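For reference, the structure is listed below as structure tokens.
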Amino acid sequence: MKTRKRVIGKQFGPERHQFDPYDAMTNKDFEAEVIAALDAAKQRQKAISIKLPEALLERTREEAKRRGVPYQTLIKVLLERSLDRLGAA
């Protein structure tokens, strides 16, 4: 019995697990999902340290500024939504 590899989005890096889970979403759908997650992000939180490539951090800061939200909040939302989509796959 052959197993089919489930394609969730376009691969964006050299590793098999690096893909864009939002590839199939429209910009409007993505934005609605992010806004909904911003409201849900107001929960108990714990500070951590994470190293990110400078270019990725800068892109994140620019996108957060464009949307009028703190960049760390945007990172939390994107991480949570990505995990939700991976769990549903």
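Structure values in brief
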{"item": "Compactness of segment 29-89 as Cα Rg over 2.2 N^0.38 Å, two decimals", "result": "1.14"}
{"item": "Peptide ranges 70-76, 80-86 listed from the most packed, as the mean C-beta count within 10 angstrom indicates", "result": "70-76, 80-86"}
{"item": "Residue-span extension gain [Asp23 to Ala47] - 0.36 nm each, minus C-alpha spacing", "result": "5.7 nm"}
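Where a number appears in this text, it was derived from the coordinates with a stated rule and is not lab data. If you're wondering where the values come from, they're calculated on a predicted model, not measured in any experiment. Using ideal geometry, Cβ is built from the backbone for each residue, glycine included, and neighbour counts are taken over all protein chains shown.
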